Amino acid sequence: MGRLAIVCVLLAACGDDAGGEPELMQGGTQSVDDRTATAYSHALPDLEPAQVETHSFGNGRFSFLWLPPILGPLFNHNACIACHAGHGRGLSQIGPSSVGSQALIRISSTLGEPEVPGGNIPVPGLGLQLQDHHIGGVPEGRVDLQWIETVLEYGDGEIQPMREPRVTVTNGTGGPLPAGTLLSYRQSQVMFGLGLLEAVPDDALGELADADDADGDGISGRINFVWDAGAGQTKVGRFGHKATQISLLEQVAAAYADDIGLTNRLRPEPDGMTDISDAILDDTVFFAATLAVPMAAPRDPEAQRGRALFDDFQCSGCHTPTLVTGDHPIPQLAGQTIHPYTDLLLHDVGDRLTDARPDVMATGVEWRTPPLWGIGLAQLVSPEATFLHDGRARTLNEAILWHGGEAAASAESFRLANRADRDALIAFLQSL
Ligand code: HEC
Ligand code: HEC
């Protein structure tokens, strides 16, 4: 944890002492007061009428069910909303037995050369993402997902059921994938608050990063620098489970191209043609940038105690409670004090969470700290929703217990805490 994080934690604490509960306005002045199943689906409250119109065009695109011949031919699902239900995380569901795959598999090879400096090496014939659906043809792969059940024991002897995925992939005709293929199984992420996260200045993330753990707290954290072809240099990655996308535009253009099979301005056909217009792409990006963050629930005494434990257990070493946004082309996103509980940095969270697949600069054990704002509503928005990059954690308790690596001491503090303290920490998370 770097210098700025300490300052922010102190500031947040000072704010609480001052009475009022400033952390409740998680999305700054643009937070919305809805703790029901629609909590993730609101536009920023202060949009101008013209912006409201663009947001609602974008919403239409996000919800649109694409059909052949525009859809695909290779794809994972046929709509953004199909994988981001209620604008939250999708289900950890993939393979021919499921209605559609809401999760997906990133692939790369250990053999060959990257296409861009420092980039991932595409698998011959398959690229960097496995499309497990195909219009009228053979998909790139067939995925079988099994869950292995285990248990973990708390310090007081209570037993916590746990589970982890086993993903088996064959090529479209049942044979093996090319030699050297690496797989990363991932569920989708929440859609709200992303414009605010985009507006956090690169410098602020640089301040939080502490790659060599200079302050000796066992927590480092580093930026994933990703090649930007347009700029001809690397830029700060911040979206996706391994922070491999530098902007919402890049992330959304990749989603259209790779998840739904729709070429676009950033990802055209070889002859320069595109399936979707610039307006569709740009409206979807605007929509993704302008979904508001729900306000946190007022904290009862138990949740307040949980908030203190969140600091005591060093959760806030990575899940940074307070960040301040800088400039952004959408003025409502600029200069906001937000409470996302993320530093947007990569952290080693241990061998048990590894996907054993490097992703640009990230190693297998490194993942981007996910924001925790709104997490208490995840299973209200989508009752079957699960946690962590592959959705293995059915509860917040399970999610915490999987943490290892830089977060090993944190997770162990939770495991060894008494039941009342564990419940208080969970009550705090449920209030977010
Ligand atoms: C097949 C399911 C699927 C579809 C369809 C899909 N997504 Fe996603 N989305 C995902 C997954 C999985 C991730 C995590 C990707 C990763 O880490 O590599 C993700 C991540 C994202 C993120 C990054 C969020 C963050 O916090 O970093 C955004 C933004 C996003 N998707 C937008 C979209 C948009 C817009 C569309 C439609 C054009 C779309 N997605 C279609 C599954 C899907
Ligand atoms: C060293 C950094 C670090 C520390 C310390 C840490 N976390 Fe995390 N946390 C992460 C990362 C990285 C992930 C994502 C891991 C993955 O997806 O496999 C994560 C995931 C989570 C998730 C699941 C989020 C989601 O959207 O699915 C929860 C909940 C969570 N952490 C809570 C906590 C709590 C509570 C503590 C303190 C006991 C804590 N974390 C300590 C880095 C950290």
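Screening Gly232 with (1) among the small types (Gly, Ala, Ser); (2) over 19 Å from Leu128 (Cβ atoms); (3) modelled with pLDDT of 95 or more gives one miss only, at (3). Between Val226, Val252, Val293, the distinction of being in contact with a Ser or Thr (Cβ under 6 Å, 6 or more places away or on another chain) and within 15 Å of ligand 2 (Cβ to nearest atom) belongs to Val293 only.
Does Gly261 count as more than 17 Å from the chain's Cα centre (by Cα), crowded, with 22+ Cβ neighbours inside 10 Å and at positive phi? When the stated conditions are applied, Gly261 passes them.
Residues are listed down the side, and each one gets a yes or a no for (1) away from ligand 1 (no atom under 16 Å from the Cβ); (2) closer than 25 Å to Val167 by Cβ; (3) within 16 Å of the chain's Cα centre (by Cα):
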| position | (1), (2), (3) |
| --- | --- |
| Ala378 | no, yes, yes |
| His389 | no, yes, yes |
| Arg394 | yes, yes, no |
| Ala407 | yes, yes, no |
| Ser413 | yes, no, no |
| Leu416 | yes, no, no |
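What about Thr369, is it more than 15 Å from ligand 1 (Cβ to nearest atom) and among the polar types (S, T, N, Q)? No, not satisfied. Of the residues screened, Ala308 is not one that is free of Cβ contacts under 8 Å to residues at least 12 places away in the same chain, hydrophobic (A, V, I, L, M, F, W, C) and farther than 19 Å from Pro371 by Cα.
If only residues of the range 331-348 that are open to solvent by 20 Å² or more (accessible area, probe 1.4 Å) and not hydroxyl-bearing (Ser, Thr, Tyr) are counted, the one that is farthest from ligand 2 (Cβ to nearest atom) is Pro331.
The residues in the range 149-190 that are within 16 Å of ligand 2 (Cβ to nearest atom), more than 30 Å from Val252 (Cβ to Cβ) and in a loop (DSSP other than H, G, I, E, B) can be counted, and the count is 2.
The single condition among (1) in contact (Cβ under 8 Å) with a residue 24 or more places away in the chain; (2) more than 16 Å from ligand 2 (Cβ to nearest atom); (3) part of a helix (DSSP H, G or I) that Val236 does not meet is (3). Within the range 113-157, the set of residues being modelled with pLDDT of 95 or more, of a type in the set (Gly, Ala, Ser) and loosely packed, with under 11 Cβ neighbours inside 10 Å comprises Gly157 only. Looking at the range 383-394, can you tell me whether even one residue there is at pLDDT 95 or above, assigned to a helix (DSSP H, G or I) and open to solvent by 20 Å² or more (accessible area, probe 1.4 Å)? Among the residues of the range 383-394, not one is at pLDDT 95 or above, assigned to a helix (DSSP H, G or I) and open to solvent by 20 Å² or more (accessible area, probe 1.4 Å), which makes the answer no.
For the range 400-409, the count of residues that are out of contact with any Pro (no Cβ under 8 Å at 6 or more places or on another chain) and either at pLDDT below 95 or under 19 Å from Ser188 (Cβ atoms) (or both) is nonzero. Looking only at residues that are open to solvent by 20 Å² or more (accessible area, probe 1.4 Å) and at pLDDT 85 or above in the range 205-214, which one is farthest from Gln251 (Cα to Cα)? In this case the residue turns out to be Ala214.
When Asp271 is tested against (1) in a loop (DSSP other than H, G, I, E, B); (2) open to solvent by less than 50 Å² (accessible area, probe 1.4 Å); (3) farther than 28 Å from Ser184 by Cβ, only condition (2) is not met.
The values are calculated or read from the model by the stated rules, or taken from the named source; none is laboratory data. Not measured: the values here are computed from a predicted model. Every residue, glycine among them, receives a Cβ derived from its backbone with ideal geometry; neighbour counts consider all protein chains shown. Accessible surface areas use protein heavy atoms only, side chains included; no ligands, DNA or RNA. Shrake-Rupley method; radii C 1.70, N 1.55, O 1.52, S 1.80 Å.
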